[in-house]
């Protein structure tokens, strides 16, 4: 388990201190695929680099399985870092080394015996589906293949945790899908806990179980992906998760707009058609975006009803309440 407690990171500058992270508190359970999302400059990459102390926090604690990395010796920190793999947006491969020798590099540093190195490299290249590229050089690989090499290298020391800093940002959508599938497979088959830094909602939707949203150096909300996606509270989360909904609810239609929130508690019954038939009204759907997580619907729908008819509005809201549908009035 990774515990981040009261984490602060400040950079001094001539014009004054720059606060990169402020009072960050997060817990990543073993087995999680934990997404950290925010706009550019929010502090995401600084946070992930603090987790393995590539960036030293100004204050606070980083506990890995109960051991505070900020208080251990340099020797112990090196040992603990072997339990934390990391991959980056631009791969960071050694261009003069072959694929297998890139994967070998951390094993050499760890002084693993050559026979064991070869066995581990062979297994890892099988996992990332690059056994036929063992003798190739990075310049001969596609972007997706380079990232697979980087993943194999990060797994070479058998880490318990894998940090991914914008690992798919430089890849096309199809390649991104394959890399995310690979990370999910690694999580499920090897038991590696994964932390993903990203600004892309599709990455979070695809594989993450939990998510934290960062804005201006602070965690503004966090929890299960389904919960945060179903009803984002912060402005930045709404901007990232439901930008089209924001535009839809801002439209001046002259009608009352109700945002229905699907949080997995209802079935996929035909709600709107039932509402229209039971109440005898025509319901206009202004916006809808729902997704299925664990075979349950999550997301939002904005409907409009004629403004000024309070009796009709009350009938609709009472109907929604009876059916167990959460809703909010949008201005």
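Has the range 63-73 got at least one residue that is within 23 Å of residue 207 (Cβ to Cβ) and either in contact (Cβ under 8 Å) with a residue 60 or more places away in the chain or in a loop (DSSP other than H, G, I, E, B) (or both)?
Among the residues of the range 63-73, at least one is within 23 Å of residue 207 (Cβ to Cβ) and either in contact (Cβ under 8 Å) with a residue 60 or more places away in the chain or in a loop (DSSP other than H, G, I, E, B) (or both), which makes the answer yes.
Pick from the range 1-36 the residues that are assigned to a loop (DSSP other than H, G, I, E, B) and closer than 19 Å to residue 161 by Cβ: which of them is farthest from the chain's Cα centre (by Cα)?
Residue satisfying both the conditions and the ranking: 1.
Consider the range 80-101. How many of its residues are touching a helix residue (DSSP H, G or I) at 6+ places or on another chain (Cβ under 6 Å) and part of a loop (DSSP other than H, G, I, E, B)?
4
Are any residues in the range 46-72 surrounded by fewer than 20 Cβ atoms within 10 Å (Cβ to Cβ) and out of contact with any helix residue (DSSP H, G or I) (no Cβ under 8 Å at 6 or more places or on another chain), and if so, which ones?
If the condition is that a residue be surrounded by fewer than 20 Cβ atoms within 10 Å (Cβ to Cβ) and out of contact with any helix residue (DSSP H, G or I) (no Cβ under 8 Å at 6 or more places or on another chain), then 49, 54, 58, 59, 65, 66, 68, 70, 71 are the ones that fit.
Kindly provide the set of residues from the range 37-60 that are assigned to a strand (DSSP E or B) and farther than 25 Å from residue 225 by Cα, ordered by number.
59, 60
For the range 100-141, which residues satisfy the criterion of being over 11 Å from residue 156 (Cα atoms) and within 28 Å of the chain's Cα centre (by Cα)?
Within the range 100-141, 126, 127, 128, 129, 130, 138, 141 qualify.
Out of 24, 87, 4, which single residue is under 22 Å from residue 186 (Cβ atoms), touching a strand residue (DSSP E or B) at 6+ places or on another chain (Cβ under 9 Å), buried (at least 21 other Cβ atoms within 10 Å of the Cβ) and touching a residue at least 40 places away in the same chain (Cβ under 8 Å)?
87
Read-outs throughout are calculated quantities, based only on the coordinates presented, and are distinct from any laboratory measurement. Please read all numbers here as calculations on a predicted model, not as lab measurements. Cβ atoms come from the backbone with ideal geometry, glycine included; neighbour counts cover every protein chain shown.
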